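Peer 1: Starting off with a structure, shown below.
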Amino acid sequence: MTGIQCAGATDVGCVREGNEDSFLILPDQGLFAIADGMGGCQAGEVASALAIEEISAWFTQHRPFLSEIEGVRALRGAVVQAGD
């Protein structure tokens, strides 16, 4: 993808002391993901970071073998796998 400018930021908000959100930006592959750390839950920051790592690893590994349409369907599989 060309011509796309992107950035990511998260904010701790007004209630929590720490930010538990994670995000992924892979503009060359057309992949953008956000994982909400669910503030107040135990190890929310770990869960969101692991979800993003799993999605990134899965997509990076499988992307060369997927057409664009298959990639959209496959990304759903990566998200489901990250949740397991």
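Read the figures in this text as sums done on the coordinates, not as results from a lab. Please read all numbers here as calculations on a predicted model, not as lab measurements. Note that each Cβ is placed from the backbone with ideal geometry, even for glycine, and that neighbours are counted across all protein chains shown.
Peer 1: Please turn the phi angles of the range 17-27 into ³J(HN,Hα) values with the Karplus equation 6.51 cos²θ - 1.76 cosθ + 1.60 (θ = phi - 60°), one per residue in order, whole Hz, x for glycine and proline.
Peer 2: 8, x, 8, 10, 8, 9, 8, 9, 10, 10, x
Peer 1: Suppose each label sits 7 Å from its Cα in the direction of the beta carbon; what would the Ile34-Val79 distance come out to in nanometres?
Peer 2: Calculated label separation equals 1.2 nm.
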